[in-house]
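The values are calculated or read from the model by the stated rules, or taken from the named source; none is laboratory data. It should be emphasised that the depicted structure is a prediction, and the values quoted were computed from it without experimental measurement. All Cβ positions, even for glycine, are placed from backbone atoms using ideal geometry, and neighbour counts span all protein chains on display. Just so you know, the surface numbers come from the protein's heavy atoms only, side chains and all, with ligands and any DNA or RNA stripped out. Shrake-Rupley method; radii C 1.70, N 1.55, O 1.52, S 1.80 Å.
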Amino acid sequence: MEYVQVALFQITSDRVDDASGGGGLFEALDEHRGYLEHQPGFQDMRVVRSINEQGNVQIVVETRWDDPDALVRYETSQPNVEAVIRSHDEAIVTDSLQIFDMEALRADSPREPAAAVARERILLPLAVPLGIVMFGILVVYGLSRIYLELRPVEIGDLSITTPLSLGVAAGILLLAWYFASRPVPAWQVGGIVVLAGGLLLGGSIAAAVHEEGGAEEDHNGAVTEPSPGPGGPGAEPGGLAFEVGMGDNFFVSDGNQNPNIDVPSGQEITIDLVNDGRSIHNMRVDGVDGRFNTNDDAVSDPETIRVDANGTLTFSIDNPGTYNYQCDFHPDDMKGTITVQ
Ligand SMILES: [Cu+2]
């Protein structure tokens, strides 16, 4: 709430120039404003005059106060507007001075809007370009992350990256046309910016998370130590390695007896053999001719693996198919297949 004192009076037409000049009434009112600015509870003072060129000039002097006490304190002390005006009473129309005390129905303190304006003046020139730059970075970064992530996703021979890029470009053009062709309310612009920003942010976060997951998968696949068995082939600098145990009388890997071993074609395969049994054993692969004890066999080194000893069987087969392995000492019990893919 504001409390307002309004002083109404008229200046005779032939005294207007005097009142406006040096030492005149208006200068006195200006000086008074300087005094008022140091008074507690004072907000503002305004002087307005009628703009008609002929006849007496109507003057309104308005002072605004925070509370009624401040206003009363001002009115009952010197100097006040009434005293300033009366000290120039040679200029004013006799008995034209009227004083009203009023209260403003709507508080519009001049200080807060001023602060808000100052805030806007500082913030807007900074915030708007900054926001546009941030949004641009988000668009470039987000779209690149999403496109990079989409590149491997292909439907048949057709990558979906190209149609998606075209779709996004068409969407941007369509939005630009929409904004340019009609007055668009601010909430619609804001809504679209927030929506687009959210989609881009979500998409790039999803892409980043997906990529991280993919990298982890790759890392897990690149195990350098020998893998525990045919179920988990691992890459070594020279090829794939499996570990196969030998008991009496069976081969064993991952708890499977005489397991089928899956290997890729054309790659060097190393099978690390451990004799955990009470008998001697070995391992032999029949090769492409499908027969044991011929030139193309692969045999463990050493050919006879003693109790508690280790051996290694190294081979590589180019032709996909199913091959056989066995222990030369127990060919009826210790045998299985190798599937080359
Ligand atoms: Cu054996």
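If you wrap a convex hull around the C-alpha atoms of the range 2-108 and split its volume per residue, what is the figure in Å³? Walk me through the numbers on the way to the answer.
Working: hull volume 10.8 nm³, N = 107.
Value for the range 2-108: 101 Å³ per residue.
Could you tell me what % of all Cα pairs in the range 234-340 have separations over 23 Å?
On the way: 1028 of 5671 pairs.
For the range 234-340, the fraction of Cα-Cα distances above 23 Å is 18 percent.
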Segments 306-316, 193-203 sorted - mean Cβ within 10 Å per residue, highest first: 306-316, 193-203
Nearest-0.05 FRET efficiency for residue 50 and residue 30, computed from C-beta distance (R0 30 Å): 0.95
Phi-derived 3J(HN,Hα) across the range 316-325 with the Karplus relation (6.51, -1.76, 1.60, θ = phi - 60°), rounded Hz, x for Gly and Pro, is 8, 10, 7, 8, x, x, 10, 10, 10, 10
Quick one: what are the phi-derived ³J(HN,Hα) couplings along the range 243-257, Karplus 6.51/-1.76/1.60 with θ = phi - 60°, whole Hz, x for glycine and proline? 10, 10, x, 10, x, 10, 10, 6, 8, 9, 8, 6, x, 8, 8
Just to check I understand the Karplus step: with θ = phi - 60° and J = 6.51 cos²θ - 1.76 cosθ + 1.60, what whole-Hz values come out for the range 300-308, glycine and proline as x? 5, 10, x, 6, 10, 9, 7, 4, 6
Going 7 Å from the Cα of residue 14 along its beta-carbon direction, which residues of the range 70-101 have the amide nitrogen within less than 18 Å of the resulting point? 89-95
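Give the accessible surface of the range 234-340 per residue, rounded to a whole number of Å², with probe radius 1.4 Å and ligands, DNA and RNA excluded.
Values: 5100 Å² over 107 residues.
Result: 48 Å² of accessible area for each residue.
So if R0 is 35 Å, what FRET efficiency would residue 67 and residue 187 give, r being the distance between their Cβ atoms, rounded to the nearest 0.05? Mind dumping the intermediate values first?
Numbers: r = 39 Å, r/R0 = 1.12.
Taking R0 as 35 Å, the efficiency between residue 67 and residue 187 is 0.35.
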